Amino acid sequence: MFVVCGEALFDVFAAGDTPAGLSLDGRIGGSPFNVAMGLARLAQPVAFFGGISNGFLGARLMRALEDEGIGTQLVQRREAPTTLSLVGVDARGVPSYSFYGEGAADRDVPLAAAMAVPERVSAIHFGSYAMVVEPVAATQRALAERLHHHSVVAYDPNVRLNVEPDLNRWRDTLDWMSARTHLLKVSEEDLALLYPGEAHADLAARWRAAGVAAVVVTLGGEGARAYLRDGELPIAPVPTQVVDTVGAGDTFQAAMLTALAERQALSTDALRALSREAWADVLGFAARAAAITCSRRGADLPRRNELG
């Protein structure tokens, strides 16, 4: 079983003017929720670990988890509001976000909740702002510390400066996680924010020296590049008519984990031993999945039968 940790929230899109203002379209979202949904749609067993409100928006989030076949046994229900993310999309389909989440349920996950997660799972995914806001960040770090000896840890920083503007907080978390992460996926946009001017290969070498088995940098329309034990591996972009890129990185992560699971490669030893050819297949599958999401409005992740 996979466990995905972090936030589930509502992405709110402008849906056009009304006589009195704007019509808003609220959709289930949050990077970790998207990863969990992606895994479920790709026929992988997955449970979600995070805080969800007892209010009506939280009830809708719970229904979405159940509808997608995502396990809810690790969800922490809280008497707190649901985070709202207002999403604006530019002419190129690139999203920008404004978050309203101070004191929300996704941040209110106590340390004791981490003990509910089984010690041995296929893989556990961490990512996005739940790793840098308290108290949930401390809870997730405790979970990573406990599980990384026994389970594959995947991490995607997914930097959101309008949630936590302190770049040092993101850098410190990434440095701390690099000693406890086996599969690190990070976008070139995040690297440009966190380490402007530093070569991706140098950063990857540093993280691999800390213990990361594979570093994968997604490059948007230019594809991706992996940094492995036997050098760099470029992955070509998949041509697609882009509607928007919401959820593309989360799709890539879910599909990469799925492809590894389908190859029985979700152990630390198997990750380190995986051949260059196998990695090319894994990352090509992830790129194709992300391209499907980019061809559709919002985070509408593909199902297994769409990928052959």
Residue list for the range 96-120, filter: more than 18 Å from residue 46 (Cβ to Cβ) and among the acidic types (Asp, Glu): 102, 108
Given the structure, is residue 179 over 18 Å from the mean Cα position of the chain (by Cα) and either loosely packed, with under 15 Cβ neighbours inside 10 Å or within 16 Å of residue 148 (Cβ to Cβ) (or both)? yes
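Going by what's in this entry, would residue 250 be described as assigned to a helix (DSSP H, G or I) and farther than 24 Å from residue 94 by Cβ?
Working: assigned to a helix (DSSP H, G or I): yes; farther than 24 Å from residue 94 by Cβ: no.
Against the criterion (assigned to a helix (DSSP H, G or I) and farther than 24 Å from residue 94 by Cβ), residue 250 does not qualify.
Any residue at all in the range 157-168 that's under 14 Å from residue 5 (Cα atoms) and either touching a Ser or Thr at 6+ places or on another chain (Cβ under 7 Å) or not hydroxyl-bearing (Ser, Thr, Tyr) (or both)? Can you show your working first?
Here is the first cut: in the range 157-168, the residues under 14 Å from residue 5 (Cα atoms) are 157-158.
Imposing the further condition that a residue be either touching a Ser or Thr at 6+ places or on another chain (Cβ under 7 Å) or not hydroxyl-bearing (Ser, Thr, Tyr) (or both) reduces the set to 157-158.
Yes.
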Considering only residues that are assigned to a loop (DSSP other than H, G, I, E, B) and either of a type in the set (Gly, Ala, Ser) or farther than 30 Å from residue 270 by Cβ (or both), which ones fall in the range 95-131? 101, 102, 103, 104, 108, 109, 110, 122
Of (1) crowded, with 22+ Cβ neighbours inside 10 Å; (2) at pLDDT below 95; (3) among the hydrophobic types (A, V, I, L, M, F, W, C), residue 161 fails just (1)
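Every residue, every condition in (1) part of a helix (DSSP H, G or I); (2) surrounded by fewer than 24 Cβ atoms within 10 Å (Cβ to Cβ), yes or no:
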site: 14; (1), (2): no, yes
site: 25; (1), (2): no, yes
site: 40; (1), (2): yes, no
site: 57; (1), (2): yes, yes
site: 62; (1), (2): yes, yes
site: 74; (1), (2): no, yes
Within the range 55-79, the residues that are among the small types (Gly, Ala, Ser) and touching a strand residue (DSSP E or B) at 6+ places or on another chain (Cβ under 6 Å) are 58, 64, 71
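Among the residues of the range 76-94, which ones are among the aliphatic types (A, V, I, L, M), surrounded by fewer than 18 Cβ atoms within 10 Å (Cβ to Cβ) and in contact with a Pro (Cβ under 8 Å, 6 or more places away or on another chain)? First the steps, then the outcome.
In the first step, residues of the range 76-94 are kept if they are among the aliphatic types (A, V, I, L, M); the result is 80, 84, 86-87, 89, 91, 94.
Narrowing further to those that are surrounded by fewer than 18 Cβ atoms within 10 Å (Cβ to Cβ): 86, 89, 91, 94.
Within the range 76-94, just 89 meets the criteria.
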Options 35, 4; residue that is buried (at least 23 other Cβ atoms within 10 Å of the Cβ) and in a strand (DSSP E or B): 4
If we scan the range 95-107, do we find a residue that is surrounded by 24 or more Cβ atoms within 10 Å (Cβ to Cβ), in contact with a Cys (Cβ under 8 Å, 6 or more places away or on another chain) and within 23 Å of residue 135 (Cβ to Cβ)? no
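Out of 262, 306, 277, 232, report the one residue that is closer than 28 Å to residue 92 by Cα, surrounded by fewer than 24 Cβ atoms within 10 Å (Cβ to Cβ) and of a type in the set (D, E, K, R).
Working: 262 fails: closer than 28 Å to residue 92 by Cα; 277 fails: closer than 28 Å to residue 92 by Cα; 232 fails: closer than 28 Å to residue 92 by Cα.
Going through 262, 306, 277, 232 in turn, the sole match is 306.
Name the residue that is nearest to residue 41 (Cα to Cα), counting only residues in the range 261-271 that are touching a residue at least 24 places away in the same chain (Cβ under 8 Å) and in a helix (DSSP H, G or I).
Only one residue tops the list, namely 261.
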Within the range 76-94, restricting to residues that are of a type in the set (D, E, K, R) and either assigned to a loop (DSSP other than H, G, I, E, B) or at pLDDT below 85 (or both), the one that is farthest from residue 164 (Cα to Cα) is 92
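The values are calculated or read from the model by the stated rules, or taken from the named source; none is laboratory data. This one's a predicted model, so the numbers in the text were calculated from it and none came from an experiment. A quick note on method: Cβ atoms are made from the backbone with ideal geometry, for glycine too, and the neighbour counts reach across all protein chains shown.
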